[in-house]
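Here is the structure we will look at, set down as structure tokens.
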Amino acid sequence: MADDDELEEIRKKKMQQLQNESARRQQEEAIKQQVDQQRQVILRRILSPEARQRLANIKLARPQFAEAIESQLIQIAQTGQIRRLGVPVPLSDQHFKQILTRLSGSQKKKDFRIRKI
């Protein structure tokens, strides 16, 4: 019977661990969703509908690049650099293209060459 009690105690501990882990994951997911919602609110405020559509298209093709662009746009908006540049808020699609050109130009382009041996 002692073995049954020990086994039951092990089961209870394992169940508690699983519940704690599940609760932690749910909390992390809720925080992630909240941060994403805040990002979307900021982007909605600083981008015109056309610029947001362009960003959505970029997100479909290159999600990591789009996330980097979003972060940079949010940072630029929070530091007030958009207004210092003389760019109207919300950013038009044309202004957004200009920012994209600057941002994508700063990233290295990878060229692949195949050499025959």
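For segment 17-29, check the following and say yes or no: at least one residue is aliphatic (A, V, I, L, M) and either over 30 Å from residue 98 (Cα atoms) or at pLDDT 95 or above (or both). Within segment 17-29, one or more residues are aliphatic (A, V, I, L, M) and either over 30 Å from residue 98 (Cα atoms) or at pLDDT 95 or above (or both). In this structure, residue 54 does not qualify as surrounded by fewer than 15 Cβ atoms within 10 Å (Cβ to Cβ) and basic (Lys, Arg).
So which of 81, 107 ends up being modelled with pLDDT of 70 or more and either exposed (fewer than 14 other Cβ atoms within 10 Å of the Cβ) or over 16 Å from residue 40 (Cα atoms) (or both)? Show your work before the answer.
Details: 107 fails: modelled with pLDDT of 70 or more.
The match here is 81.
The helices (runs of 4 or more DSSP H) located wholly in segment 17-92 that include 1 or more residues which are touching a strand residue (DSSP E or B) at 6+ places or on another chain (Cβ under 6 Å) occupy 49-61.
The values are calculated or read from the model by the stated rules, or taken from the named source; none is laboratory data. In this text, all values refer to a predicted model and were calculated from it rather than measured experimentally. Note: ideal-geometry Cβ built from the backbone for every residue, glycine included; neighbour counts use all protein chains shown.
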